[in-house]
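Have a look at the structure below, then the notes.
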Ligand SMILES: Cc1cc2nc3c(=O)[nH]c(=O)nc-3n(C[C@H](O)[C@H](O)[C@H](O)COP(=O)(O)OP(=O)(O)OC[C@H]3O[C@@H](n4cnc5c(N)ncnc54)[C@H](O)[C@@H]3O)c2cc1C
């Protein structure tokens with residue numbers, strides 16, 4: 001039931017709730033639906049904004065990449081630069097395959113794309129929202145929007161008192177913080193005794209001041225090796241790269257931004273990026289270039305590219321960058337120019353000056369310390385009755401549906417654990 005403001009005020013400080021979910025996002029809804037389906041009676045979701053599951057709506061370009069079809073828990077856990085080891089405990093109970101069945105049993109048809117990403121068959125994130133909302137409402141979960149939780153106190157009889165800024169009061173036996181990366185959730189967790197790992201952005205693109213690169217804007221390169229060097233550390237990965245008018249984007253960039261999120265933040269996003277246009281060893285590439293000179297000497301450099309992945313636009317850009325005349329014949333390539341070419345194709349360096357210009361980071365890295373939470377039940381190890389699900393925790397994954405999978409898994413585990421507690425008390 002969706003509560004209006006009037007109705008909401010009336011329900012305040014009546015009988016305690018069995019579960020209050022703070023945050024109406026993916027994790028909060030999964031917790032509420034699971035708890036309700038497993039017998040918990042009085043549940044309310046308190047959402048601070050006027051919109052429910054807004055991030056689900058905008059996710060995956062409006063299609064919502066709900067998970068990734070990696071069915072083996074170990075393989076799934078490898079996609080989380082932070083929290084993966086702890087998550088394994090959780091994934092052994094509820095992983096991507098369980099989630100797939102979960103949605104299908106509740107009427108949301110899913111499909112697996114060639115890169116393993118899972119989407120609704122309808123390609124509409126609204127269907128994911130509908131499915132969760134419908135299941136919550138059918139099971140009697142109450143939902144109150146524009147209820148921004150300001151304070152939570154634990155009373156001497158082990159209830160939680162929850163207040164918004166208007167000092168409305170709600171009392172509950174169990175509470176879950178599913179507040180995503182919002183600072184207020186971290187503040188609430190801290191007030192209940194938890195430590196917070198400093199939040200920093202993850203999953204963003206890179207800006208370079210190399211103006212000439214924008215001549216290649218729109219060029220995409222498949223499965224290329226990229227290295228970033230930051231604060232005397234090196235991070236390497238392979239994947240598809242997209243050159244944009246401001247710098248670099250594409251799956252390999254997002255992945256590196258996630259793996260090195262903390263180091264990049266510490267260095268204020270100033271670092272070196274190296275593109276490995278060729279995977280060959282120095283001596284093999286030298287032999288290849290020498291053969292080119294020998295066998296294709298009559299052709300101009302511009303008309304014969306030494307590596308198949310180099311598009312004409314890219315090759316011209318690189319020749320200009322190397323200061324080699326593009327109209328020169330291969331036979332006229334000087335030894336010094338050949339050296340420059342080999343070194344650039346093996347290690348093409350760019351200076352990154354900041355994150356991408358649109359503040360498009362997808363997730364927060366950091367949050368409630370994972371060492372203070374039981375990853376089988378998602379209950380706090382510090383404050384009994386307090387649970388966590390989703391991005392509020394210091395867990396984050398790379399792109400591909402992994403961040404939602406963590407929300408679903410933690411929400412499901414918390415919902416089950418809360419229902420176990422509830423059923424034990426009611427059966428006494
Ligand atoms: C543009 C974009 C696209 C994305 N696409 C994908 C994708 O395709 N696949 C994927 O796996 N991940 C994707 N992500 C990441 C994914 O959306 C998040 O990991 C996920 O939504 C986190 O869910 P959550 O429920 O933990 O938090 P949120 O979705 O952030 O929900 C938290 C809710 O809590 C509310 N709240 C916060 N504080 C309070 C308070 N004090 N009181 C009451 N309410 C409060 C907030 O208003 C919010 O509604 C994307 C993210 C973005 C931004």
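Derivation of every value follows stated rules applied to the coordinates shown; laboratory data play no part. The structure displayed is predicted, hence computed values, not measured ones. Every residue, glycine as well, gets a Cβ built from its backbone with ideal geometry; the counts of neighbours run over all protein chains shown.
Could you identify which residue out of 173, 134, 328 has the top mean-square fluctuation in a GNM of the chain using Cα springs shorter than 10 Å?
For the chain, modelled as a Gaussian network with Cα springs under 10 Å, the answer is 328.
What's the FRET efficiency of residue 293 with residue 347 using the Cβ-Cβ distance as r and R₀ = 25 Å, to the nearest 0.05?
Taking R0 as 25 Å, the efficiency between residue 293 and residue 347 is 0.75.
For residue 57 and residue 427 in the same chain, what is the full-extension length gain: residue separation times 0.36 nm, less their Cα-Cα distance, in nm?
Working it through step by step, the gained length comes to 129.3 nm.
Round to the nearest 0.05 the FRET efficiency obtained for residue 190 and residue 161 when R0 = 22 Å and r is the Cβ-Cβ distance.
0.80
Using Cα pairs under 8 angstrom and six or more residues apart, how large is the relative contact order of segment 204-361, in percent?
Relative contact order of segment 204-361: 32 percent.
Using a Gaussian network model of the chain with C-alpha springs under 10 Å, which one of 402, 387, 317 is most mobile by mean-square fluctuation?
Judging by the Gaussian network model, the answer is 317.
Using the C-alpha atoms of the chain, what convex hull volume per residue, in cubic angstrom, is computed? Intermediate values should be presented prior to the final figure.
Values: hull volume 63.5 nm³, N = 428.
Once divided by residue count, the hull of the chain is 148 Å³.
Report relative contact order for the chain in percent, whole number only (criteria: Cα-Cα under 8 Å, sequence separation at least 6). Don't skip to the end; give the middle numbers.
Working: 921 pairs, mean separation 104.4, N = 428.
Value for the chain: 24 percent.
Taking R0 as 22 Å, what FRET efficiency do you get between residue 312 and residue 111 from their Cβ-Cβ distance, rounded to the nearest 0.05?
My answer for the efficiency is 0.05.
At 222 nm, what helix-only mean residue ellipticity would the chain give, in deg cm²/dmol to the nearest 500, using -39500 (n - 2.57) for each DSSP H run of four or more?
Taking each H run of at least 4 residues, the total per residue is -10000 deg cm²/dmol.
Considering segment 204-361, what Rg and Dmax in Å follow from its alpha-carbon atoms?
Computed over the Cα atoms of segment 204-361, radius of gyration and Dmax are 16.3, 51 Å.
Quick one: what do you get for segment 59-102 if you divide its Cα Rg by 2.2 N^0.38 Å?
The value comes to 1.19.
If you build a Gaussian network model of the chain, linking Cα atoms that sit under 10 Å apart, which residue out of 384, 81, 16 swings the most?
384
Using only Cα atoms, figure out Rg for segment 127-245 and give it as a multiple of 2.2 N^0.38 Å.
Details: Rg = 23.0 Å, N = 119, 2.2 N^0.38 = 13.5 Å.
Dividing the Cα Rg of segment 127-245 by 2.2 N^0.38 Å gives 1.70.
Volume per residue, Å³, of the convex hull around the alpha-carbon atoms of segment 297-395?
Convex hull volume per residue, Cα atoms: 177 Å³.
Can you give me the C-alpha center-to-center distance between segment 121-172 and segment 184-201, rounded to a whole angstrom?
19
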